[in-house]
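Visitor: What follows is a structure written as structure tokens; I'll ask about it next.
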Amino acid sequence: MDGINTRFIFLKKQRRLFIALIAIGVISLIIGVLLYSKKYVWSALLLNSVNYLTIALGATFLVAVHIISRSGWHVVFERIIQAVSMYLPFSVVFMLILFFGLNNIFEWTHEIHHDPVVAKKAAYLNVPFFILRSIFLFVVWIVFALALRHFSRKSDFTPSKKLLIRSRVYAALFVVFFALSIVVFAWDWLMSIEAHWFSTLFGWYVLAGILVKSFAVIIILLAILRYLGYFEFVSIEHIHDLARYLFSFSIFWVYLWFSQFMLIWYANIPEETFYFINRIENYPILFFLNIGCNFLIPFLVLIARKSRRTLWLVVVVAIIVFIGQWIDQYLMIFPGIIKTANITWFDIGLSIGFAGIFLLVIFVSLSRFELIPKNHPYLQESLHFETNHT
């Protein structure tokens, strides 16, 4: 490990940049409160809160999956994934703030007695139970994320086989809980916006989006840190495998998107088709841009092996996918609350502010630990990682 920069220094100019991004978000929020309706403001807050919460969750899931699968190739940049997962406690704070705007987000919170369809779901869709479920999920997610991070950090100082075994146990438990809880989260915070509509594929569709945008964010962060002079030990083979993940999960995402769309279109049941009719008629550009950003562009670009081994090209595709997933969640939220709307400078400014908070947390987290888990049993395997796959 001699000669390798394994300690990240968070410079003041970087901190000032992130604070400036946060300031843009705060100013945008103030202007939004003055110019837009309460529903619009709360919708934008929900969009960004859920977006970054799910990225942190996706990173925690990736950490856990690699632990239980005894994967070694990713170890050299594992601390980036862990740093992203450390945003989870901060994202929960924003989700808790959203409790004060439930009446502006969900119609079922105040129209249950006037809607017979929603009234039948009252045992599940009621505010106290909703809040209780959400808090339970948030607490368990945070406990697992912090535990996995703790085991990794502790192994830097006291390498132990017991730590590795405990991390595998926690990782296995988290993966099972995550698979079930993310579906409940998707039902509660996204699908129940339009309580008349339901889809049995929706939770897994949301999960696919979480995975693809998590890999996109990891690629973007890795490129930024390499530009700053870190992670030079990450080889083109690692980039290639990350690009393959991005390529593969974009296909998985569109598979679930099309399956959900096709089944609802084929059945042609009015209580299901209105969901897509609203989005196609009122948001036609975003509807088709969603498919282009999340599937067509990554598929056409990354299908070539040479493209997957070209860092700048992979980063461009990752940025497009990240924007595409933001659009995807915009389409999940705004049409059900606002009905008709267009992306405004308020939406963009608020998203920039959330990005500033997100990056600030990640960079602070990176600065507190070694960039390489030096006592990881698969570190040497990762440093000399090679692949012959296409």
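Visitor: State all residues of region 303-316 that are touching a Ser or Thr at 6+ places or on another chain (Cβ under 8 Å) and modelled with pLDDT of 95 or more; if no residue qualifies, say none. Give the derivation first.
Guide: Residues of region 303-316 that are touching a Ser or Thr at 6+ places or on another chain (Cβ under 8 Å), as a first pass: 305, 313-314.
Answer for region 303-316, where residues must be touching a Ser or Thr at 6+ places or on another chain (Cβ under 8 Å) and modelled with pLDDT of 95 or more: LEU313, VAL314.
Visitor: Related question: Quick check on region 156-175: of everything there that is out of contact with any helix residue (DSSP H, G or I) (no Cβ under 8 Å at 6 or more places or on another chain) and assigned to a helix (DSSP H, G or I), which residue is modelled with the highest pLDDT?
Guide: Taking the candidates together, the pick is VAL169.
Visitor: Please go through region 291-306 and give me each residue that is in contact (Cβ under 8 Å) with a residue 60 or more places away in the chain and either surrounded by 16 or more Cβ atoms within 10 Å (Cβ to Cβ) or among the aliphatic types (A, V, I, L, M) (or both), ordered by number. Don't jump to the end; show me each part of the working.
Guide: Taking region 291-306 as the starting set, the residues that turn out to be in contact (Cβ under 8 Å) with a residue 60 or more places away in the chain are 294, 305.
If the condition is that a residue be in contact (Cβ under 8 Å) with a residue 60 or more places away in the chain and either surrounded by 16 or more Cβ atoms within 10 Å (Cβ to Cβ) or among the aliphatic types (A, V, I, L, M) (or both), then ASN294 is the only one that fits.
Visitor: For region 338-390, give me the residue count where each residue is assigned to a helix (DSSP H, G or I), out of contact with any helix residue (DSSP H, G or I) (no Cβ under 8 Å at 6 or more places or on another chain) and under 23 Å from ALA243 (Cα atoms).
Guide: Counting residues in region 338-390 that are assigned to a helix (DSSP H, G or I), out of contact with any helix residue (DSSP H, G or I) (no Cβ under 8 Å at 6 or more places or on another chain) and under 23 Å from ALA243 (Cα atoms) gives 1.
Visitor: Would you point out the residue of region 193-204, among those that are in contact with an Asp or Glu (Cβ under 9 Å, 6 or more places away or on another chain) and in a helix (DSSP H, G or I), that is surrounded by the fewest Cβ atoms within 10 Å (Cβ to Cβ)? First the steps, then the outcome.
Guide: Residues of region 193-204 in contact with an Asp or Glu (Cβ under 9 Å, 6 or more places away or on another chain): 193-199.
Those left that are additionally in a helix (DSSP H, G or I): 193-194.
Details: ILE193: 20, GLU194: 18.
Selected residue: GLU194.
Visitor: Moving on to the next point. With the requirement that a residue be of a type in the set (Ser, Thr, Tyr) and at pLDDT 95 or above, what does region 73-127 give you? Walk me through it before giving the result.
Guide: Our first condition is that a residue be of a type in the set (Ser, Thr, Tyr); within region 73-127, this holds for 85, 87, 91, 109, 124.
Of everything in region 73-127, those that are of a type in the set (Ser, Thr, Tyr) and at pLDDT 95 or above turn out to be SER85, TYR87, SER91.
Visitor: Among the residues of region 180-192, which ones are in contact with a helix residue (DSSP H, G or I) (Cβ under 8 Å, 6 or more places away or on another chain) and either in a helix (DSSP H, G or I) or buried (at least 23 other Cβ atoms within 10 Å of the Cβ) (or both)?
Guide: Within region 180-192, SER181, ILE182, VAL183, VAL184, PHE185, ALA186, TRP187, ASP188, TRP189, MET191, SER192 qualify.
Visitor: Still on this structure, please answer the following. Which residues, taken from region 110-135, are within 12 Å of SER192 (Cα to Cα) and crowded, with 18+ Cβ neighbours inside 10 Å?
Guide: Residues satisfying the conditions are VAL118, LEU125, PHE130.
Visitor: Being free of Cβ contacts under 8 Å to residues at least 60 places away in the same chain and either surrounded by fewer than 18 Cβ atoms within 10 Å (Cβ to Cβ) or not in a helix (DSSP H, G or I) (or both) narrows it down to one of ILE285, ILE319, so name that one. Spell out how you get there, then give the answer.
Guide: Values: ILE319 fails: free of Cβ contacts under 8 Å to residues at least 60 places away in the same chain.
Of the residues listed, the single one that is free of Cβ contacts under 8 Å to residues at least 60 places away in the same chain and either surrounded by fewer than 18 Cβ atoms within 10 Å (Cβ to Cβ) or not in a helix (DSSP H, G or I) (or both) is ILE285.
Visitor: Could I ask something else about it? Restricting attention to region 346-375, report how many residues are within 26 Å of the chain's Cα centre (by Cα) and closer than 20 Å to SER85 by Cβ.
Guide: 20
Visitor: Now for a separate question. Within region 345-387, take every residue that is touching a Gly at 6+ places or on another chain (Cβ under 7 Å) and of a type in the set (A, V, I, L, M) and give me the one that is surrounded by the fewest Cβ atoms within 10 Å (Cβ to Cβ). First the steps, then the outcome.
Guide: Here is the first cut: in region 345-387, the residues touching a Gly at 6+ places or on another chain (Cβ under 7 Å) are 346, 349-350, 352-354, 356, 378, 381-382.
Narrowing further to those that are of a type in the set (A, V, I, L, M): 350, 352.
On the way: LEU350: 24, ILE352: 17.
Checked region 345-387; the qualifying residue surrounded by the fewest Cβ atoms within 10 Å (Cβ to Cβ) is ILE352.
Visitor: So in region 217-271, with the set limited to residues that are of a type in the set (Ser, Thr, Tyr) and part of a helix (DSSP H, G or I), which one is surrounded by the most Cβ atoms within 10 Å (Cβ to Cβ)? Give the steps one after another, and end with the answer.
Guide: Here is the first cut: in region 217-271, the ones of a type in the set (Ser, Thr, Tyr) are 227, 230, 235, 245, 248, 250, 255, 259, 266.
Those still in the list that are part of a helix (DSSP H, G or I) too: 227, 245, 248, 250, 255, 259, 266.
Numbers: TYR227: 10, TYR245: 19, SER248: 15, SER250: 29, TYR255: 13, SER259: 14, TYR266: 8.
If we take residues in region 217-271 being of a type in the set (Ser, Thr, Tyr) and part of a helix (DSSP H, G or I), then SER250 is surrounded by the most Cβ atoms within 10 Å (Cβ to Cβ).
Visitor: If you don't mind, there's one more thing I want to ask. Only one of these conditions is not met by THR60: (1) within 21 Å of LYS213 (Cβ to Cβ); (2) at pLDDT 95 or above; (3) in contact with an Asp or Glu (Cβ under 9 Å, 6 or more places away or on another chain). Which number is it?
Guide: THR60 satisfies all of (1) within 21 Å of LYS213 (Cβ to Cβ); (2) at pLDDT 95 or above; (3) in contact with an Asp or Glu (Cβ under 9 Å, 6 or more places away or on another chain) except (3).
So that you can scan it fast, the table gives a plain yes or no per residue for (1) in contact (Cβ under 8 Å) with a residue 40 or more places away in the chain; (2) touching a strand residue (DSSP E or B) at 6+ places or on another chain (Cβ under 9 Å); (3) over 20 Å from GLY209 (Cα atoms):
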site: ASP328; (1), (2), (3): yes, no, no
site: LEU331; (1), (2), (3): yes, no, no
site: GLY349; (1), (2), (3): yes, no, yes
site: GLY356; (1), (2), (3): yes, no, yes
site: GLU370; (1), (2), (3): yes, yes, yes
site: GLN380; (1), (2), (3): no, no, yes
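Visitor: Now for a separate question. How about region 184-198: which of its residues are more than 16 Å from THR273 (Cα to Cα) and among the aromatic types (Phe, Trp, Tyr)?
Guide: Correct list: PHE185, TRP187, TRP189.
The values are calculated or read from the model by the stated rules, or taken from the named source; none is laboratory data. Computed from a predicted structure; not experimentally measured. Positions of Cβ are backbone-derived with ideal geometry, glycine not excepted, and every protein chain shown enters the neighbour counts.
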